[in-house]
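**Q** Following this message is one structure expressed as structure tokens.
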Amino acid sequence: MPFAAACPKSAPDPHSAPDPSADPPDRRGRPRPPARRRAADAAAGFVALTGAGFRRYATYRQAMVAGLFTNIVFGAMLASIMLGVAADGRTPGGYSREQLVAFVWVGQGLLNVVYTWGWRELADRVRSGDVTADLLRPVDPLTSYAAADLGRAGQAVLGRWIAPVVVGVAFYDIYVPHRPSTYVLFVVSVVLATLVSFGGRYLVNLSAFWLLDVRGPVALWMLAGALLSGSFLPMRFLPEWVQWLLWCGTPFPSIFQIPLDVAVERTDGALSATTVLLQLVWVIVLFLACRAVQRRAVRRLVVQGG
Amino acid sequence: MADTIRAYRSLVGAQVRSQAQYRLSFALDVLVTSFVSGIEVVAILLLFRVTPTLGGFSVRDVLVMTTMCEVGFQLADFLVGNVEAVARYVRTGLMDTVLIRPRSALGQLLAVDFPVRKFGRLLQALTMYVAVLAWADLDWTLPRALLAVGAPVAGAALYSAIFVAGATVAFWWIDSGEFANAFTYGGRQFGSYPINVYAPWLRVVFAYGLGMAFTGYQPALALLGRPDPLGAPDWLAWCTPVVGAVAWAGALLLWNTGIRHYRSTGS
């Protein structure tokens, strides 16, 4: 309203004075719905996005069968090697034979749940410019991608986790957890592990705002994920000082080693619960980092026309 | 012939230039992927921190097998590993363009996606192999020296045949993605360890069915001068080229059948 400045200011109406306890209007000056409804809407949106992620990956059933086959072949090889290492009554890394077998089979199932492979979805959208569409939506891309990734992980639990574990239980002398709390803790730990892995992947993808091509950072992430997370060998085979460094300084043990140690009850209940808390800390740290980097990245964004 | 070579050279050259465009990412990629082949060796060293022997073999014996197998695998992955891309070509219909050009489909696929960045891995695998051979303090004779050089090359032939055969599956089963990995990366995993630790069914399928015993285990036994604990005769160490040749014959047969089976997506 160009003439607004010329209009005399009307005296403030005491009855329409904004209530300081009410929510401030949104950026366009529209009143916001009450906080409770907003939270309910956000939760409904999150669930819808998670469901979409689940259905999207559930579509590729043939690829799932192919992947399962590979997981099972690798699981059989690793189980053989682990049994060779634990021959003659040795307990490498403090694991019994049965625990090592469980580590291998639960781990093969978990590989595609936590997913440390190369994920470049966001980076590809940054390069093509499609990311603008993500930024225009009313949901922060960090939230929407996290929801979709949880959906993907949920699908992977059904499609990729159960079968290797069943093979392990059916054909091997495998460790079965005897503390009831382990089962609950394991579920929590797997959800947190997925979020840690997602946070790391998202952060790597954000580098596309600066580099455009993220093959290098993704390769670095995959290498670190393979070596330092315990997906290749239990981290407890490492020298102790390296373990301390990794446990305290990096998110990698939270992705793989912690849920698996919880599953095979490598430590007592209290210590297991503490390691799950450590996962939670890493989730918070990584999401805060993602949010800070994303804020800077969006300011850099130049969308290529066309 | 010269024409063909020039065509392939320009295809590979274009790929090199395009990959090197994003300099920082490319440098990081080359550097990082060069460590990938080190993982297998690190894994062996870690295993031997918690066990003195594996299947009756010492860390020295196992490292000879692992690094020999790794050179073969990395050489194959560098030269033909990108044949995996065929799944994408079939799904998107790009395969049509490949087929109408006057060059072999397989040759084009390999040249067009030539993975320059994998060179670092190959170099590192070679370095580790030479270092392990020097450290292992073997009794060198002329036949053994020949074996040490020839076995990884023949092993590469075997692995590349498996890469090609695995990629061919995409003609029938487009979403087969990870299926072939069980035999390519799985074969490498299998070949990196003494085969007597594996469960019998795995040995039947991988060691002798796919010939993975010949990429590391059998030749390494001859280099180390050890009899096979599984009782296989010593001359098997020299059979890797034969196994590689048979595998290539099978892979090419599969490939040609696959190409004939190809149906365009029609888009």
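**Q** Mean residue ellipticity at 222 nm from the helices of the protein assembly as shown, using -39,500 (n - 2.57) per DSSP H segment of n ≥ 4 over the full residue count, to the nearest 500 deg cm²/dmol? Please list the in-between numbers first.
**A** Details: 25 runs with 373 residues, N = 573.
Estimated from H runs of four or more residues: -21500 deg cm²/dmol.
**Q** For chain B, build the charge dipole from Cβ charges (+1 Lys, Arg; -1 Asp, Glu) around the Cα centre, then report which of B:Ser10, B:Ala232, B:Phe78 sits farthest towards its positive end.
**A** Looking along the dipole axis, the top candidate is B:Ser10.
**Q** Another question, then. With 10 angstrom as the radius, rank A:Cys290, B:Cys239, A:Cys248, B:Cys69 by how many other C-beta atoms surround their C-beta, starting from the fewest. Mind showing how you got there, number by number?
**A** On the way: A:Cys290 24, B:Cys239 17, A:Cys248 9, B:Cys69 31.
Least to most surrounded, the residues fall as A:Cys248, B:Cys239, A:Cys290, B:Cys69.
**Q** With labels modelled as points extended 7 Å from the Cα through the Cβ direction, what inter-label distance (nm, one decimal) is found for B:Val242 paired with A:Leu277?
**A** A separation of 6.5 nm, rounded to one decimal place.
**Q** Just to be sure I understand the rule: take each whole DSSP H helix in chain B, project its Cα atoms onto its long axis, keep it if the span is 18 Å or more and its mean Kyte-Doolittle hydropathy is at least 1.0. Which ones pass?
**A** Membrane-span-like by this rule: B:23-50, B:59-80, B:119-136, B:142-168.
**Q** Compare B:Ala247, B:Ala85, B:Ala151 in a GNM of chain B, Cα atoms joined below 10 Å, and give the one with the largest fluctuation.
**A** It is B:Ala85.
**Q** In the range B:105-124, which residues have a backbone nitrogen under 17 Å from the label point lying 7 Å from B:Ala14's Cα in the Cα-to-Cβ direction?
**A** Within reach of a label on B:Ala14, which here means backbone N under 17 Å from a point 7 Å along Cα→Cβ, the range B:105-124 contributes B:105-116.
**Q** Identify, among A:Val190, A:Val169, A:Ala42, the residue whose Cα sits farthest towards the positive end of the charge dipole of the range A:34-300, taking +1 on the Cβ of Lys and Arg and -1 on the Cβ of Asp and Glu, with the dipole about the Cα centre.
**A** Ranked along the dipole, the leading option is A:Ala42.
**Q** A further question on this structure: Arranged by the count of other C-beta atoms within 10 angstrom, fewest first, what order do A:Trp282, B:Trp135 take?
**A** If I rank by nearby Cβ atoms, fewest first, I get B:Trp135, A:Trp282.
**Q** Placing +1 at every Lys and Arg Cβ and -1 at every Asp and Glu Cβ, with all other atoms neutral, what dipole size does the protein assembly as shown have around its Cα centre, in debye to the nearest 20?
**A** 1780 debye
**Q** So, one more: Taking the alpha-carbon centroid of each part, what is the distance from the range A:241-291 to the range B:1-32 in angstrom?
**A** What the calculation gives is 41 Å, centre to centre.
**Q** Placing +1 on the Cβ of each Lys and Arg and -1 on the Cβ of each Asp and Glu in the range A:34-300, which of A:Phe287, A:Gly93, A:Val114 has its Cα farthest towards the positive end of the resulting dipole?
**A** Final value for the positive-end residue is A:Phe287.
**Q** For an R0 of 56 angstrom, estimate the FRET efficiency from the Cβ-Cβ distance between B:Trp172 and B:Thr127 and round to the nearest 0.05. Numbers along the way, then the final one.
**A** Values: r = 39 Å, r/R0 = 0.70.
Step by step, r from the Cβ atoms, then E = 0.90.
**Q** Right, next: Hey, fewest Cβ within 10 Å first, where do A:Arg56, B:Arg263 land in order?
**A** Ordered by Cβ neighbours within 10 Å, fewest first: B:Arg263, A:Arg56.
**Q** First measure r as the distance between the Cβ atoms of B:Trp235 and B:Tyr208, then evaluate 1/(1 + (r/R0)^6) with R0 = 22 Å and state the FRET efficiency to the nearest 0.05. Each step should come with its number before you reach the end.
**A** Values: r = 15 Å, r/R0 = 0.68.
Given R0 = 22 Å and the Cβ-Cβ separation, E is 0.90.
**Q** Something else now. Compute a Gaussian network model of chain B, connecting alpha carbons closer than 10 Å, and tell me which residue from B:Val243, B:Val71, B:Val130 fluctuates the most.
**A** Sorting by GNM fluctuation, first place goes to B:Val130.
**Q** What helices does chain A have that are whole DSSP H segments, at least 20 Å long along their own axis by Cα, and with mean Kyte-Doolittle hydropathy of -1.0 or more?
**A** A:35-58, A:61-85, A:141-156, A:180-206, A:269-300
Coordinate-derived values only; no laboratory data. In this text the structure is predicted, and so the values were computed from the model without any measurement. In this analysis, Cβ positions are derived from the backbone assuming ideal geometry, glycine residues included, and neighbour counts consider all displayed protein chains.
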